[in-house]
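The structure appears below as structure tokens.
The values are calculated or read from the model by the stated rules, or taken from the named source; none is laboratory data. Source: prediction; values computed, not measured. A quick note on method: Cβ atoms are made from the backbone with ideal geometry, for glycine too, and the neighbour counts reach across all protein chains shown.
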């Protein structure tokens, strides 16, 4: 169903899903006019779509990403997860004397939702990822020992060296 070509016979103002009135074009020959009009009325105008995208982008910038959300939690934070009879999950997160609760479809998403809810309740945003920690947490000690290095390629066993020759 493409946009028809030909003479435009009318341009009525029609309300979009967002409530804005926009011009809808009636063509002289348009066998899909009813479907085009229904789709036009179910969608938002370009201005409202741009506003929604900007709001979502700004909201996403303040929500910590998965790894950052867990790192921003204070030491001693405790999760309690329960699987319900209907296969859904409920849980609580307690940290610094404050408890938040949430429901979810699985334990992984639920733990992230709880972490984000606790951070939101305490006013901690993604801007603190740049090295700042919440006021209630204490800095973590850094290990003095470097991570072990992998063995050099020559020291790794190869499959060819361990195979026995086949007797002929």
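Applying the condition of being part of a helix (DSSP H, G or I) and touching a helix residue (DSSP H, G or I) at 6+ places or on another chain (Cβ under 8 Å) to segment 112-125 and asking which residue is surrounded by the fewest Cβ atoms within 10 Å (Cβ to Cβ) yields 112.
None of 69, 17 is surrounded by 11 or more Cβ atoms within 10 Å (Cβ to Cβ) and in a loop (DSSP other than H, G, I, E, B) except 17.
Here residue 22 clears all of (1) surrounded by 14 or more Cβ atoms within 10 Å (Cβ to Cβ); (2) out of contact with any strand residue (DSSP E or B) (no Cβ under 7 Å at 6 or more places or on another chain) except the condition numbered (2). Listed conditions (1) assigned by TED's automatic domain parsing to the domain that holds residue 52; (2) exposed (fewer than 11 other Cβ atoms within 10 Å of the Cβ); (3) under 41 Å from the mean Cα position of the chain (by Cα); (4) outside any helix (DSSP H, G or I) are all met by residue 34, apart from (4). Check segment 61-75 and report whether any residue there is more than 28 Å from residue 125 (Cα to Cα) and either in contact with a strand residue (DSSP E or B) (Cβ under 6 Å, 6 or more places away or on another chain) or without any contact (Cβ under 8 Å) to a residue 60 or more places away in the chain (or both). So far as segment 61-75 goes, no, none of its residues is more than 28 Å from residue 125 (Cα to Cα) and either in contact with a strand residue (DSSP E or B) (Cβ under 6 Å, 6 or more places away or on another chain) or without any contact (Cβ under 8 Å) to a residue 60 or more places away in the chain (or both). Would you say residue 52 is modelled with pLDDT under 95, surrounded by 14 or more Cβ atoms within 10 Å (Cβ to Cβ) and within 30 Å of residue 117 (Cβ to Cβ)? In short, no.
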